[in-house]
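**Student:** Encoded as structure tokens, here's the structure I'll be asking about.
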Amino acid sequence: MKKNLQQILDGFHIEQFQNDLIDWFTKEQRDLPWRKDRDPYKIWVSEVMLQQTRVDTVIPYFHKFMEKFPTLEALAEADEEEVLKAWEGLGYYSRVRNLHAAVKEVKEKYDGEVPRSKEQFSKLKGVGPYTTGAVLSIAYGIPEPAVDGNVMRVLSRIFLIWDDIAKVSTRKQFEEIVRHIISRENPSYFNQALMELGALICVPMNPLCLLCPVQAHCRAFHEGVEKELPVKTKTKATKKVYLRAVVLKNEEGRILIRKRPSEGLLANLWEFPNDELPLQIEEAQAFAEWISREHNVVVQSLEPIGEFEHVFSHLIWHITAYRGEAIGQTSESETSKWVTPEQLETYAFPVSHQRIWKAYNE
């Protein structure tokens with residue numbers, strides 16, 4: 001039976017929990033580049049980068065992104081192609097497209113200042129409850145909950161909550177809990193400490209309970225069930241998609257690239273010509289004929305480069321890649337170009353196609 005908030009907080013020492021948690025974070029927090037100051041723009045960028053990406057991966061990207069776009073105005077005025085290139089390799093590209101659209105709105109509507117108001121900030125493109133809470137609490141000291149998967153794992157153990165964290169209603173329940181236990185004096189450190197605890201100590205499989213600064217408050221630890229929490233329903237099995245791609249070079253040494261659609265998976269990124277074709281015995285020959293028809297060229301030869309796999313949250317691409325020589329050159333358009341190898345390096349490609357290009361050059 002689902003507990004109400006009063007039952008969950010009954011007997012819980014909120015002030016002592018705040019002190020234990022914040023004291024630990026003050027001493028043990030990692031030295032991360034977005035913690036150097038409280039610039040709301042930098043914090044916002046870091047939080048978007050950190051969604052679905054590990055901290056160690058994010059750090060070099062954050063440095064590079066800040067060198068290129070040191071201010072909100074610089075990002076707002078940048079060309080989308082430039083922004084996607086700076087994000088190349090981080091994945092989940094809708095994150096940066098939404099961020100780009102949102103900072104433009106901040107520049108136009110709020111004179112380039114990230115809004116302090118929850119109502120205003122949460123209405124920006126791509127900004128959900130977690131990002132709202134993280135940016136407003138860390139940058140502006142506003143006691144707003146920032147509940148992500150890490151935080152839900154920590155709180156499910158501390159409060160012995162068996163509700164499925166994959167459900168929206170459970171996340172809202174955790175937000176309500178945080179509203180009651182968050183430090184009003186230091187909401188920035190409180191929220192960051194919960195995130196840090198989930199990242200370093202209260203980890204998914206084998207939590208390091210003996211090192212935990214709030215072990216005394218943890219009901220799951222006292223019941224010996226910390227490894228059973230949180231409860232999360234399994235996601236659906238991923239679909240496997242078989243593709244063939246080609247690095248096609250013409251007589252001038254130029255390479256054919258094309259732009260993906262402006263909506264959907266990896267929107268607006270560039271790639272080598274590829275297609276999902278039914279598997280046949282003469283699959284290379286069938287693919288060469290398709291490329292010839294599709295791009296109005298004559299494909300002379302097609303040699304395999306290798307097999308490449310790329311895993312998304314909901315599907316897996318299995319790509320068989322080829323190198324090819326072509327006679328003829330179709331006229332260029334906004335979505336199809338023949339570029340030199342040097343020019344190619346300036347376009348943003350999905351990781352799978354970066355790997356194909358690397359293998360082609362080797």
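**Student:** Put a dot 7 Å past each Cα toward the Cβ at ASP37 and ASP111; how far apart are the dots in nm?
**Tutor:** Placing both labels 7 Å along Cα→Cβ, they lie 1.9 nm apart.
**Student:** Pop a pseudo-label 7 angstrom from the Cα along the beta-carbon direction at both VAL298 and GLU82 and give the gap in nm to one decimal.
**Tutor:** Calculated label separation equals 4.3 nm.
**Student:** Separate question: In deg cm²/dmol and to the nearest 500, what is the mean residue ellipticity at 222 nm of the chain if only DSSP H runs of at least 4 residues count, each as -39500 (n - 2.57), divided by the residue total?
**Tutor:** -13500 deg cm²/dmol
**Student:** Full-extension gain between GLU332 and ALA267, please, as 0.36 nm times their residue separation minus the C-alpha to C-alpha distance.
**Tutor:** Length gained between GLU332 and ALA267: 21.4 nm.
**Student:** Follow-up. Hey, which lysines would be in cross-link range of LYS239, C-alpha to C-alpha under 25 Å, not counting anything within fewer than 8 residues on its own chain?
**Tutor:** Leaving aside lysines fewer than 8 places away in the same chain, those within reach of LYS239 are LYS167, LYS259.
**Student:** Over all pairs of distinct alpha carbons, what does the Kirkwood formula give as the hydrodynamic radius of the range 239-361, in Å?
**Tutor:** Working: mean 1/r = 0.0682 Å⁻¹.
Answer for the range 239-361: a Kirkwood hydrodynamic radius of 14.7 Å.
**Student:** Let me ask something additional. Where nothing but the Cβ of Lys and Arg (+1) and of Asp and Glu (-1) is charged, how large is the charge dipole of the range 239-361 around its Cα centre, in debye to the nearest 20?
**Tutor:** Its charge dipole is roughly 300 debye.
**Student:** Residues in the range 89-114 near a label at ARG30, defined as backbone nitrogen under 17 Å from the 7 Å Cα→Cβ point?
**Tutor:** Answer for this model: 90.
**Student:** Between GLU185 and SER169, how many nm apart are label points set 7 Å from Cα along the C-beta direction?
**Tutor:** 3.8 nm
Every number here is computed from the coordinates shown, using simple stated rules; none is lab data. Computed from a prediction, not measured in an experiment: that's the story for all the values here. Note: ideal-geometry Cβ built from the backbone for every residue, glycine included; neighbour counts use all protein chains shown.
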